[in-house]
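No lab work stands behind these numbers, since they all come straight from the coordinates. Every value quoted in this text rests on a predicted model; they were computed, and no experiment measured them.
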Amino acid sequence: MDGFLAGVAQHYPGFEPRTVVADELPYTMASGRALLDIARARHPDSDLLLFSSDLLAAGRFWRACARASRCRRRWPSWASATTRSPAN
């Protein structure tokens, strides 16, 4: 987080990024889903969300896809072996 904030300060002086830190959450895809919900609740007008890891971002992706019916039609073939989407 420190590197990200330093980069924002260097390249966008005066811009204050809105951050969500949830150190209490475990490092899982489910936490990525929870972080998306938290970020949307705290900052509903945000246009961009960055996640600190691929695992958290993947959880966020599946949560967002679960909310968008067009994503369900494009469910990846490797996921068809499961009975529930990762976003549930």
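Stretch ILE38-LEU25 to full length: gain in nm at 0.36 nm per residue minus the Cα-Cα span?
Details: separation 13, 0.36 × 13 = 4.68 nm, distance 1.17 nm.
Gain on stretching ILE38 to LEU25: 3.5 nm.
Only Cα pairs under 8 Å and at least 6 apart count here; give the relative contact order of the range 1-69 as a rounded whole percent.
RCO, the range 1-69: 33 percent.
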